[in-house]
Amino acid sequence: MKFLKLELTRIGDSLAAVLPDELRNRLNVTKSDFVSAVETDEGLLIVPYDPEVEEQVRLGLNFMAEYREIFRALAKT
């Protein structure tokens, strides 16, 4: 596991993380691209933003919310 230190800088009322070239190259992103931060059991995972993945996650979360009671009942069996 490799750790990279990210510098935070203020931009207006927000904080921005400065990506070192090594990380930027590994993510294959450039200025004005977007990345997603995904929460995992180990912490946050930074990945290139993919609108198709975002849509699939949204649909999955909606599906799970709609059938929450069924999932709870199945978990008890």
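The values are calculated or read from the model by the stated rules, or taken from the named source; none is laboratory data. Computed from a predicted model, the values in this text were never measured in an experiment. Every residue, glycine as well, gets a Cβ built from its backbone with ideal geometry; the counts of neighbours run over all protein chains shown. Ligands, DNA and RNA are excluded from the accessible area calculation, which covers all protein heavy atoms including side chains. Shrake-Rupley method; radii C 1.70, N 1.55, O 1.52, S 1.80 Å.
General observations
- This model, with +1 at the C-beta of Lys and Arg and -1 at the C-beta of Asp and Glu, gives the chain a dipole about its Cα centre of some 180 debye.
- With the simple spin-label model, which puts each label point 7 Å out from Cα in the Cβ direction, the residue 23 to residue 38 separation comes to 1.7 nm.
- The chain, accessible area per residue, ligands and nucleic acids excluded (1.4 Å, Å²): 95
- Backbone N within segment 21-45 under 20 Å of label point (7 Å from residue 64 Cα along the Cβ vector): 36-45
- Angle of helix 51-66 to the longest C-alpha principal axis of the chain, folded into 0 to 90 degrees and rounded to 10: 30°.
- 14 Å Cα-Cα reach of residue 5 towards aspartates and glutamates, excluding residues that sit fewer than 8 places from it in its own chain: 21, 22
- Nonpolar atom fraction for the chain, defined as the carbon and sulfur part of the 1.4 Å probe accessible area, stands at 56 percent.
- Each Cα pair of segment 28-77 feeds into the Kirkwood radius, which the Stokes-Einstein equation turns, at 10 °C and 1.306 mPa s, into a diffusion coefficient of 119 µm²/s.
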